[in-house]
1. Over all distinct Cα pairs, what is the inverse of the mean 1/r for region 1-110, reported as the Kirkwood hydrodynamic radius in Å?
2. Using the Karplus equation 6.51 cos²θ - 1.76 cosθ + 1.60 (θ = phi - 60°), what ³J(HN,Hα) coupling, rounded to whole Hz, does each residue of region 60-76 give in order, writing x for Gly and Pro?
Amino acid sequence: MAPRHVIWRYYAAVLRIFIEEPLFRAVLVLALVVLATGTVFYHLTEGWGWMDSLYFSVITLTTVGYGDFAPTTELARGFTIFYVLIGVGIIALFVTAVARAPFLQMQLRQFREEHDQDDEEGTLLRSPRDDRDEG
């Protein structure tokens, strides 16, 4: 297992990437909106406390499902169906982005550096077919 300081440095780097890169920022905001939506909904419809509602939202969308909480009203059950169908994909996207963030940021930087001049010359949007026609 990696030392704690290495793990903390990794997560600090991931957080910095999520703040700097618009694509990652969008994924983070989307995940937070989904969790907040579920938290507020369950708090209002089930009467659970804020922490219990957040807990249920996270446990549900990460597909852990301990079973210690369950929606009791038909409205909440119906909401949960759509919440899971939509939210699991968004949370999976977020978890994947966290795991791949440093590598993707490196690739984005490399792409931008390689294509800065191409963009100025107007060749960035050219298709590979255009290059074959010239050669």
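1. 15.4 Å
2. 5, 6, 8, 6, 6, x, 5, x, 7, 10, 8, x, 10, 9, 5, 4, 5
None of the figures in this text is laboratory data; all of them are computed from the coordinates on show. Note that the structure is a prediction, hence the values are computed from the model and not measured.
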